[in-house]
Amino acid sequence: MEQQQPMEERPKRNWFSGLLLPILIGVGIAMALRMWVVSPARVPSASMYPTIPATSSRNFAYVIVNKLATELWPIHRGEVVVFHWPDDPSELFVKRVIGLPGDTVTVTSNAVYINGKKLVENNPDISKYNGTVVGTWKVPPGCYFMLGDNRPISDDSRLWVHKFVPRSMIVGEAEFVVYPFNKMSVISQHV
């Protein structure tokens, strides 16, 4: 009769290095990516409609925010950015950059002028009517003037107590609409 050989004993895995450590590393990487690279942002109003397809707080949208885009490259006119609202920094807003530091922005009912020259806005998603909130604003150094694409109803720089967004309050560039799923799209970064 044949004698059975004893099975080789497998080395016992340490539960920490075998299971918990990879999970902790994955969570750490995910948190670092969210903090410094990309994160989601909820858009609860129609101020950027149809660029961002939210129509109300019940019919909201989610966008992906690229934090590196505004850290590595200069912020440009036409860029859609997520930022801390100057009147209540605990709230995040999403708007399009219209005025750069040092610009004089004039908004009329159907045109925007930058330093006396009419801003040519070829983006079909931007409202051609600016509503009744009109005026002229001088953008201070290190700050930006923001407008929503759906300007007749947009709560933007024209209406705020603190009209301008300091560079330090900009979180990143809104790059993609990821919800609602049937409206997933790249966000145009041009006026």
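The values are calculated or read from the model by the stated rules, or taken from the named source; none is laboratory data. If you're wondering where the values come from, they're calculated on a predicted model, not measured in any experiment. Positions of Cβ are generated from backbone atoms using ideal geometry, with glycine treated the same way; all protein chains shown enter the neighbour counts.
Details
- Selection within region 131-173: residues that are of a type in the set (Lys, Arg) and more than 21 Å from Val65 (Cα to Cα). The member of this set that is farthest from the chain's Cα centre (by Cα) is Lys138.
- Test: residue in region 138-150 that is within 21 Å of Phe93 (Cα to Cα), touching a Leu at 6+ places or on another chain (Cβ under 7 Å) and at pLDDT 95 or above: yes
- When every residue of region 79-88 is checked against the conditions, none turns out to be surrounded by fewer than 23 Cβ atoms within 10 Å (Cβ to Cβ) and either on the phi > 0 side of the Ramachandran plot or among the polar types (S, T, N, Q) (or both).
- Hits in region 37-62 - residues which are of a type in the set (Val, Ile, Thr), within 17 Å of Asp155 (Cβ to Cβ) and in contact (Cβ under 8 Å) with a residue 24 or more places away in the chain: Val43, Thr51, Ile52
- For region 89-132, the set of residues classified as surrounded by fewer than 12 Cβ atoms within 10 Å (Cβ to Cβ) and without any contact (Cβ under 8 Å) to a residue 60 or more places away in the chain consists of Ser90, Glu91, Gly116, Lys117, Lys118, Pro124, Lys128, Tyr129, Thr132, listed by residue number.
- Pair list, Cβ < 6 Å and 6+ apart or interchain, from region 141-156 residues that are free of Cβ contacts under 8 Å to residues at least 60 places away in the same chain to residues that are small (Gly, Ala, Ser): Phe145/Gly99; Phe145/Ser157; Arg151/Ser127; Arg151/Gly131; Pro152/Gly131
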